[in-house]
2 protein chains.
Amino acid sequence: MPDVHFQTELTSGLTLVAESMDWVESVAMSLLMPVGAINDPEDHLGLANFACEMVQRGCGNRSSRQFVDDLENLGVDLSGSVANGHTSFSGAMVAENLPTALEILADLIQRPHLPEDQLEDARQVCFHEIHSLEDDLPQKAMLNLRQRHYPAPYGRNAIGQMETVSSISHADVQRYQAEHYGPKGAVLAIAGKFDWDEIRSKVEQLFGEWPEVGQPAPVESPAVRGYEHVASDSSQTHICLAFDGVPYHDNEYIQARGAVGVMSDGVSSRLFTEVREKRGLCYTVGAHCHSTRTQGAIMCYAGTTSERAQETLDVILDEFRKLGEGIHQDELDRLKARVKSGLIMQQESSGARSGALAGDYFFYGRIRPVDELRALVDGLTCETVNSFLRDHPFNQPTTVTLGPDPLEVRLGDS
Amino acid sequence: MPDVHFQTELTSGLTLVAESMDWVESVAMSLLMPVGAINDPEDHLGLANFACEMVQRGCGNRSSRQFVDDLENLGVDLSGSVANGHTSFSGAMVAENLPTALEILADLIQRPHLPEDQLEDARQVCFHEIHSLEDDLPQKAMLNLRQRHYPAPYGRNAIGQMETVSSISHADVQRYQAEHYGPKGAVLAIAGKFDWDEIRSKVEQLFGEWPEVGQPAPVESPAVRGYEHVASDSSQTHICLAFDGVPYHDNEYIQARGAVGVMSDGVSSRLFTEVREKRGLCYTVGAHCHSTRTQGAIMCYAGTTSERAQETLDVILDEFRKLGEGIHQDELDRLKARVKSGLIMQQESSGARSGALAGDYFFYGRIRPVDELRALVDGLTCETVNSFLRDHPFNQPTTVTLGPDPLEVRLGDS
């Protein structure tokens, strides 16, 4: 079988990575730049997100109207998004349309119009995004948790606040885009059906002279941690917890992922069984690994009634305490079967693979074929996971609750 | 190319349909039975959903624990769900695990334990589902809209109410399952890598003697329609509209889908352009076709601030009025490119295809290969869509708003 993975650095500094899937008719692209909410000035929180909205309103020789029309004619559902530490633009399409889609993407990144007469409309869209978060209580509680758990600005959400978004000027957006959209540390990932030589030269032609920009490191301040209750007359009480973990690029990350998998992946997981099935404490409960580029966490969410909220929190904390005592072979076997099944599905989707490749490069500095991930999972043993758990006890959770009444964070006798 | 589509009726009456995708390593199954919330007795609303929760707690020779453990060991993420008119169980997996997964599915459907000692835990899970809907305002408003727009019980949601779920007994669940889970009108859809002869005989062996059940037709009562405001101190005002449309199985459905696509599909669509981009009235706005088995509707949702809610509703109603005047060639061309691109993606996912096959059988009585869908889309012209629009004017919307203040439904001069 010929090698299906490719990686090259362009003259501009942009890295191009690709995975060939020659049995599909589609291809997906994902461009990721290492700038996000962490780069927003304190008085302009939400600027990266505002800029992301503005660059999608015309670029190169395409007006705002022509830009969206051309994307649709190509059948590309382009989506732009800003996270804490990165900004990305992705889309999947029929293979033959990739060259034209790349031309539009190159214009969007390097030659956006940022039309001043659309500034207020774009600002309104950003305002509405803030308002809709207010009505999405699980998400609101979870974003509060990240903000509290990580050192600032690494827990910051991308959408900003009404006051800070109000104060952003057209010049701010222009300056932000010019100073932050650059090839350094950025990656363009392509997965699906393509001819590597053709795509490489096309991308070199389109992105080879993308000018470099400086990327000042954000100023870090200590994490707040502890417990916060957000009063709300909501129907449910939303409970969020965060424990220290390890970041994605850490060699031990796979051990953390194994432990969290036993805790939360699927209907046989401990949280699903103990919290939902046996006690009927909630409809939704789950834990996951979360990571910035330098710091990792294990986070947990549950939504329950206010009457049963304290019991739910107590049971979850007790399950984390028990997890610290170790996992069992049958649990690990199930998790491995589950994860490997998921990897096979991922391998069959060009969109999933292009996103994974871009994420790999961002967090690991290189792409990781599915076979490598499978080998990592195969290498997990109870001993390796339990050794990790001994070294990373679940104590001192950062806790956020949102609902009618505050709760008590009881850490038991551990 | 050999035919990749298969359909057969088992001796029990269950229909088995399949689409072979021999380039993938995965396979997905989807079992759909034509019973859902419409079959719940008035005093036991939520019963179908409660039963769906209970059948997943042990079956055949597997205890509740063994059931979830075995599914995980097979890497199957089985999900059960109840909609207004149907109940379905679906899962994707590595191809070699399909026979065992089918054995478990056959037990779940025909020989569930429905353990009485888990009844209260399952009831709590159903309660939490009701509570979490209370905190999901867009969804809450949309479910209200369906309830108001369709004749009862065809707009009913599946989760029921606190009082009705409280009154469900163990005997109710047993009786419901025994009298409603049957092969008549049910379909098992399989897509991905499989050997047809092998799977057909396995399914015949497992489901061939599934006993038939009667399915009494629900008693219909007239739709409420009109306007309802749900008072809420939410941050946003949520606006939902429904117009009469045509059901999925109607030959004209593709015309309705074309019109709604021009209105709402993608960033070049009318709603996205006029409501979000040009006026900045909201972050989320969209329209879609919705259908029961006998009746279709065109529904629309927007979330906005209370200050701009009236303007948003006015602009949306005006856009529907303008849509009634017809669509243009460039809009239709973009929509066709977009839909055909989406069909190619769908064709590459075993999970998406098995779900689509089951839905096809349920709504159309037969499966529709992607090539047939592509031909339908190719056949759309401005003339056919505009002729449909002339025959189906957008007047008298059913309207639901949820937020601080009621709005005025102004239908303009049309």
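The values are calculated or read from the model by the stated rules, or taken from the named source; none is laboratory data. Given the structure is predicted, the values throughout are model-derived calculations rather than measurements. Positions of Cβ are generated from backbone atoms using ideal geometry, with glycine treated the same way; all protein chains shown enter the neighbour counts. These accessible areas exclude ligands, DNA and RNA; they are computed on the full protein's heavy atoms, side chains included. Shrake-Rupley method; radii C 1.70, N 1.55, O 1.52, S 1.80 Å.
Search segment B:252-272 for residues being of a type in the set (S, T, N, Q) and at pLDDT 95 or above, and hand back the single one that is farthest from the chain's Cα centre (by Cα). Full working, then the answer.
Start the filter on segment B:252-272 by keeping residues that are of a type in the set (S, T, N, Q), which leaves B:255, B:264, B:268-269.
Now restrict to residues that are at pLDDT 95 or above: B:255, B:264, B:269.
Numbers: B:Q255: 20, B:S264: 19, B:S269: 23 Å.
Here the answer is B:S269.
Can you find a residue that is open to solvent by less than 10 Å² (accessible area, probe 1.4 Å) and within 14 Å of chain B (Cβ to nearest Cβ) anywhere in segment A:143-150? Looking for residues that are open to solvent by less than 10 Å² (accessible area, probe 1.4 Å) and within 14 Å of chain B (Cβ to nearest Cβ), one finds none in segment A:143-150, hence no. Taking the criterion of being more than 22 Å from A:H328 (Cβ to Cβ), assigned to a helix (DSSP H, G or I) and of a type in the set (D, E), the residues of segment A:366-414 that qualify are A:D371, A:E372. Of all the residues in segment A:267-304, those that are within 11 Å of chain B (Cβ to nearest Cβ), assigned to a strand (DSSP E or B) and surrounded by fewer than 19 Cβ atoms within 10 Å (Cβ to Cβ) number 1.
The number of residues in segment B:49-77 that are more than 9 Å from chain A (Cβ to nearest Cβ) and of a type in the set (V, I, T) comes to 1. Spot the failing condition for B:S354; the list is (1) within 14 Å of chain A (Cβ to nearest Cβ); (2) closer than 29 Å to B:Q147 by Cα; (3) open to solvent by 10 Å² or more (accessible area, probe 1.4 Å), and only one is missed. Here B:S354 meets the rest and fails (3).
When the test is whether a residue is out of contact with any helix residue (DSSP H, G or I) (no Cβ under 8 Å at 6 or more places or on another chain), in contact (Cβ under 8 Å) with a residue 40 or more places away in the chain and either surrounded by 19 or more Cβ atoms within 10 Å (Cβ to Cβ) or away from chain A (no Cβ under 11 Å) (or both), B:L137 passes it.
Give the residues of segment B:229-249 that are in a loop (DSSP other than H, G, I, E, B) and open to solvent by 40 Å² or more (accessible area, probe 1.4 Å), sorted by residue number.
Kept after step one, since they are in a loop (DSSP other than H, G, I, E, B), are these residues of segment B:229-249: B:232-235, B:245-249.
Residues satisfying the conditions are B:D233, B:Y248, B:H249.
Can you say whether B:A18 is in a helix (DSSP H, G or I) and either surrounded by 18 or more Cβ atoms within 10 Å (Cβ to Cβ) or among the hydroxyl-bearing types (S, T, Y) (or both), as far as the supplied structure shows? When the stated conditions are applied, B:A18 does not pass them. Being within 30 Å of A:A191 (Cα to Cα) and of a type in the set (V, I, T) is a property that A:I327 lacks. For B:E9, the conditions (1) within 30 Å of A:L343 (Cα to Cα); (2) open to solvent by 30 Å² or more (accessible area, probe 1.4 Å); (3) at pLDDT 95 or above are fulfilled apart from (1). Of the residues making up segment B:126-139, none is assigned by TED's automatic domain parsing to the domain that holds B:G60 and more than 25 Å from the chain's Cα centre (by Cα). Comparison of B:V315, B:V339 shows that the only residue that is open to solvent by 30 Å² or more (accessible area, probe 1.4 Å) and of a type outside the set (K, R) is B:V339. Out of A:A223, A:A217, A:A242, A:A231, one residue alone is more than 27 Å from A:F362 (Cα to Cα) and either touching a residue at least 12 places away in the same chain (Cβ under 8 Å) or not polar (S, T, N, Q) (or both). It is A:A231. Within segment A:331-343, if we keep just the residues that are under 30 Å from A:V94 (Cα atoms) and in contact (Cβ under 8 Å) with a residue 12 or more places away in the chain, the residue that is farthest from the other protein chains (Cβ to nearest Cβ) turns out to be A:L343. When segment A:142-170 is examined, which residues are found to be within 19 Å of A:Q124 (Cβ to Cβ) and part of a helix (DSSP H, G or I)? Across segment A:142-170, the qualifying residues are A:M162, A:E163, A:T164, A:V165, A:S166, A:H170.
Remark: pairs (first residue in segment A:359-373, of a type in the set (K, R); second residue open to solvent by less than 20 Å² (accessible area, probe 1.4 Å); Cβ separation under 8 Å; 6+ apart in sequence or on different chains) = A:R366/A:D360; A:R368/A:D360.
I need the full set of residues from segment B:171-193 which are assigned to a loop (DSSP other than H, G, I, E, B) and either in contact with a helix residue (DSSP H, G or I) (Cβ under 6 Å, 6 or more places away or on another chain) or outside the structural domain of B:V35 (by TED's automatic domain parsing) (or both), in order please.
Just the residues of segment B:171-193 that are assigned to a loop (DSSP other than H, G, I, E, B), to begin with: B:181-186, B:193.
B:Y181, B:K193, listed by residue number.
Of the residues making up segment A:306-356, those that are among the charged types (D, E, K, R) and either outside the structural domain of A:E274 (by TED's automatic domain parsing) or not in a helix (DSSP H, G or I) (or both) are A:E325, A:E348.
The lone criterion from (1) touching an Asp or Glu at 6+ places or on another chain (Cβ under 6 Å); (2) modelled with pLDDT of 95 or more; (3) over 30 Å from A:I130 (Cα atoms) left unmet by B:I344 is number (2).
Filter segment A:152-166 for residues that are farther than 17 Å from A:A83 by Cβ and out of contact with any Lys or Arg (no Cβ under 9 Å at 6 or more places or on another chain); which is least open to solvent (accessible area, probe 1.4 Å)? Out of the qualifying residues, it is A:T164.
Restricting segment B:322-351 to residues that are over 16 Å from B:V267 (Cα atoms) and among the aliphatic types (A, V, I, L, M), the residue that is farthest from the chain's Cα centre (by Cα) is B:I327. Hey, among the residues in segment B:250-266 that are touching a strand residue (DSSP E or B) at 6+ places or on another chain (Cβ under 8 Å) and open to solvent by 30 Å² or more (accessible area, probe 1.4 Å), which one's farthest from A:D233 (Cα to Cα)? Step by step, filter segment B:250-266, then rank; the result is B:D250.
Of the residues A:S26, A:S30, which single one is of a type outside the set (A, V, I, L, M, F, W, C) and within 14 Å of chain B (Cβ to nearest Cβ)?
Details: A:S30 fails: within 14 Å of chain B (Cβ to nearest Cβ).
Exactly one of A:S26, A:S30 is of a type outside the set (A, V, I, L, M, F, W, C) and within 14 Å of chain B (Cβ to nearest Cβ), namely A:S26.
Only helices (runs of 4 or more DSSP H) whose full extent lies in segment B:25-131 are considered here, and the ones with at least 3 residues that are in contact (Cβ under 8 Å) with a residue 60 or more places away in the chain and open to solvent by 30 Å² or more (accessible area, probe 1.4 Å) are B:98-110.
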